[in-house]
1. Return the residues of the stretch 34-57 that are within 17 Å of the chain's Cα centre (by Cα) and in a loop (DSSP other than H, G, I, E, B); say none if nothing qualifies.
2. Just name the residue that is modelled with the lowest pLDDT out of those in the stretch 34-55 that are more than 26 Å from Met12 (Cβ to Cβ) and surrounded by fewer than 11 Cβ atoms within 10 Å (Cβ to Cβ).
3. Could you list, in sequence order, all residues of the stretch 58-73 that are modelled with pLDDT of 90 or more and either part of a helix (DSSP H, G or I) or acidic (Asp, Glu) (or both)?
4. All but one of (1) open to solvent by less than 100 Å² (accessible area, probe 1.4 Å); (2) assigned to a loop (DSSP other than H, G, I, E, B); (3) aliphatic (A, V, I, L, M) hold for Met1; which doesn't?
5. Please indicate, with yes or no, whether at least one residue in the stretch 16-33 is loosely packed, with under 12 Cβ neighbours inside 10 Å and part of a loop (DSSP other than H, G, I, E, B).
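The values are calculated or read from the model by the stated rules, or taken from the named source; none is laboratory data. Please read these numbers as outputs of a predicted model, since none were measured by experiment. Glycine also receives a Cβ, built like all others from the backbone with ideal geometry; neighbour counts cover every protein chain displayed. The area values use the complete protein model at the heavy-atom level, side chains included, leaving out ligands, DNA and RNA. Shrake-Rupley method; radii C 1.70, N 1.55, O 1.52, S 1.80 Å.
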Amino acid sequence: MTNEEKAQEEWMDVLRWATEETFKVTARLKKEGIPCYGLDTNKEHYAYIHQETYRKLDEIREKYGIKPKNEQA
């Protein structure tokens, strides 16, 4: 498996984790009777997911030497 394939696999794992966490938060909010019309409605409840997702993705970029698109030549 190439480094690109490994990075892509790890990237997808992070995105799956973020999706699962989002569903868990939404389910908890609904159970608590808090309206869930969109992520902006309760963004403070989802903030940790976004922070952790970006942290994990940055780790993958660093691990495999991947530059963000805006830095690529």
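1. Here is the first cut: in the stretch 34-57, the ones within 17 Å of the chain's Cα centre (by Cα) are 38-40, 42-57.
Within the stretch 34-57, Gly38, Leu39, Asp40, Asn42 meet the criteria.
2. So the residue we want is Tyr37.
3. Hits for the stretch 58-73 are Asp58, Glu59, Ile60, Arg61, Glu62, Lys63, Tyr64.
4. That leaves (1) as the condition not met.
5. First pass over the stretch 16-33, keeping only residues loosely packed, with under 12 Cβ neighbours inside 10 Å: 16, 20, 23-24, 27, 30-33.
Going one step further and asking which of them are part of a loop (DSSP other than H, G, I, E, B), we end up with 32-33.
Checked the stretch 16-33: at least one residue is loosely packed, with under 12 Cβ neighbours inside 10 Å and part of a loop (DSSP other than H, G, I, E, B).
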